[in-house]
Amino acid sequence: MTKPLNIGMIGYGFMGRTHSNAYKRVNDFFDLAYRPILKAVCGRDEQKVRDFADNWQYESVETEWQQLIARDDIDAIDICSPNNTHAEIAIAAAEAGKMVLCEKPLSMNVEEGVRMVEAVEKAGVANTVWYNYRRVPAVTLAKQLIDEGRLGRIFHYRAQFLQDWTIDANLPQGGAALWRLDVNAAGSGVTGDLLAHCIDTAIWLNGRIRDVTAMTETFVTERMHNLTGKVEKVGIDDACAFLCHFENGSLGLFESTRYARGHKALYTFEINGEHGSIRWDLHDLHRLEYFDHREESIIRGWHDVHVTDGDMPYMDKWWVPGLQIGYEHTFVHQVADFLEDLANGQPSSPTFREALETQRVCESVLQSAAKRSWSTV
Ligand code: SOE
C-alpha cells in the first residue's frame, strides 16, 4: 500500500509539464512507498491555470502561492516558476514545514542560495533541485564507470550546451516563455540556464571546481520587453565560455550559447583519463561512447554502448533490451529517487546544498567575465 504525497506545484510552463508527467507515471514503473498526488497547481492567470489543471488532472488550483503553501493538505511544494521567485517561495515553504523540489538553477545568485539552504536545513525538510540530466541512464552509467576507476586519473573535462533560438533580434524578452531572456527574472543568460546543467553534471562526475576564467557576450543588446512594451537593454549573457581547474587536478573547458545556428539542445561532454575516455551527446542520449586503452590493440577503439539493457542504470524499470527511453524519463527517475530517498530518510541529490555549489561556480564565471581575470570559486 503506497502512502500519498500531496504535491502543490507553482508554475505551469514547460517544466510544469515535465514534472507533472513524472509524478503521474512514476508509480506505474517504480515500486515505491510513496505515490505523488497532483493536489494543486498554482499560477496567476486563473483561466490558464485551470486549463492546465484540467489537462493534467490536478485536483484544484490556486492563484497565489502563499495560499498554496498555507494549505494543510499539501506535503511538497514544487517550484517551476521563473528563477526570481525561487528563493522567496522555497524559504516560505520550508518555514511552513513543506518539502521543496525546486527547478534549476537553485537561485538568482549565491546570496539567495545560501538563505535557501539555511531555510530547508533549519526546517529539516526534504529538498532537491531538478538537474535532470544526471538521470539520463547513459550519464548515470558514465558516473558508474568513473567511480569504478575505469578511466584512471582524469586529465580533461569538456562540455558544451549549444542552442540557436535567440538569434532573431526581433524576439522580445520578458513574460511567459521568454522570461529566460530577462535578467531580472532569470538572473543570467546561458550561464544559469544551460551551463548550470553542465556544471552540475561535471561536479557530480569529476568533483569540485577550484577556479575559473571566463568570457561572456551579449550579441543582441536591446529587445522589446513583453511586460513593459518598451525596447529595453538586454542584461543576460547570450554566450559564455570558461576554463577551469578541478580540485582533482584536471582541466575543464565549458561553452554555451544560444547563437549556434543548427543546434537546438546540443549538450555534450567528453572526459579523458589515463586509461580511457567517455563522451555523451544529448541528441543521442541513450548512447555512451567509451574508449579503453587497456584493450588489445587489434580491437581497441571507441565503443558505442546502447544503454538499454536491464543491468544498466534505471533500465530494468522500462522495456526490454534494445528499446530506448528519452528526455521525459529523466524527470520520472528524479521523482523515483526522491521518493525512495524520502522513504529511507536520506537526502536526495542534488540537494539545495549541492546545487549551491553549482551556483557558486556560475557566480564565479560571471565575475571572472566581468573583471577579465581568474576567479576562485
Ligand atoms: C532552455 O531552452 C532550456 O529549456 C533550459 O531551461 C532547460 O533547463 C534545458 O534542459 C533545455 O533548455
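Every number in this text was worked out from the coordinates using simple rules, so none of it is lab data. What you see is a predicted model; the values in this text were computed from it and never measured. Using ideal geometry, Cβ is built from the backbone for each residue, glycine included, and neighbour counts are taken over all protein chains shown.
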TODO: With springs only between Cα atoms under 10 Å apart, run a GNM on the chain and tell me which of Q324, Q47, Q367 wobbles the most.
DONE: Q47
TODO: Please list the non-local residues whose amide H lies under 5 Å from the amide H of K39, H modeled 1.01 Å from N, same-chain partners needing a gap of 5 or more.
DONE: I7, E59
Task: Under 5 Å, built H, 5+ apart or other chain: amide partners of R210 - done: H245, F246, E247
Task: Likely footprinting exposure, F246, F269, fewest C-beta neighbours within 10 Å first - done: F246, F269
- [ ] Among V190, T228, A138, pick out the residue whose Cα is farthest towards the positive end of the charge dipole of the range 134-376, where Lys and Arg carry +1 and Asp and Glu carry -1 on C-beta, about the Cα centre.
- [x] T228
Task: Separation between Cα centres of the range 136-197 and the range 27-42, rounded to whole Å - done: 28
TODO: First check a/c for the chain, with a ≥ b ≥ c the square roots of the eigenvalues of its C-alpha gyration tensor; if it is under 1.5, answer rounded, and if not, answer prolate when a/b is larger than b/c or oblate otherwise.
DONE: oblate
TODO: Report ³J(HN,Hα) in whole Hz for each residue of the range 285-295, in order, from the Karplus equation J = 6.51 cos²θ - 1.76 cosθ + 1.60 where θ = phi - 60°; Gly and Pro get x.
DONE: 5, 8, 10, 10, 8, 9, 10, 10, 5, 7, 5
- [ ] Of the options M1, S81, L339, report the single residue whose Cα projects farthest towards the positive end of the charge dipole of the chain (beta-carbon charges: Lys, Arg +1; Asp, Glu -1).
- [x] S81
- [ ] Please compute P(r) over all alpha-carbon pairs of the range 3-132, binned at 10 Å starting from zero, and give each bin as a whole-number percent.
- [x] 13, 47, 33, 6
- [ ] Identify, among L101, G43, M215, the residue whose Cα sits farthest towards the positive end of the charge dipole of the chain, taking +1 on the Cβ of Lys and Arg and -1 on the Cβ of Asp and Glu, with the dipole about the Cα centre.
- [x] M215
- [ ] For each of T351, T376, count neighbouring Cβ atoms within 10 Å of the residue's Cβ, then give the residues from fewest to most.
- [x] T376, T351
TODO: Might you report the magnitude of the Cβ-based charge dipole of the range 3-132 about its Cα centre, with Lys and Arg at +1 and Asp and Glu at -1, to the nearest 20 debye?
DONE: 320
- [ ] Give me the distance between the Cα centres of the range 249-310 and the range 93-124, rounded to whole Å.
- [x] 33
Open item on the list: As a footprinting exposure proxy, order Y34, Y12 by other Cβ within 10 Å, with the fewest listed first.
Closed with: Y34, Y12
TODO: Treating only the Cβ atoms of Lys and Arg (+1) and Asp and Glu (-1) as charged, compute the dipole magnitude of the range 65-173 about its Cα centre; round to the nearest 20 debye.
DONE: 600
Task: Residues with amide H under 5 Å from that of D78, placed H, sequence gap 5 or more - done: G8, M9, I10, L101
Open item on the list: Using the Karplus curve 6.51 cos²θ - 1.76 cosθ + 1.60 with θ = phi - 60°, what ³J(HN,Hα) values do you get for each residue of the range 45-54, in whole Hz, with x for Gly and Pro?
Closed with: 8, 4, 5, 5, 5, 5, 4, 5, 4, 5
- [ ] Place a +1 charge on the Cβ of each Lys and Arg in the chain and a -1 charge on the Cβ of each Asp and Glu, then give the dipole magnitude about the Cα centre in debye, rounded to the nearest 20.
- [x] 420
- [ ] Go through the range 253-262 residue by residue and turn each phi into a ³J(HN,Hα) via Karplus (6.51, -1.76, 1.60, θ = phi - 60°); whole Hz please, and just put x for glycine and proline.
- [x] 9, 10, 8, 8, 7, 10, 10, 9, 3, x
Task: Sparsely packed trypsin sites (Lys or Arg not before Pro) within the range 279-364, loop by DSSP, other Cβ within 10 Å at most 10 - done: R294
Open item on the list: Can you tell me what share of the DSSP beta bridges in the chain is antiparallel? A percent to the nearest 5 is fine.
Closed with: 60
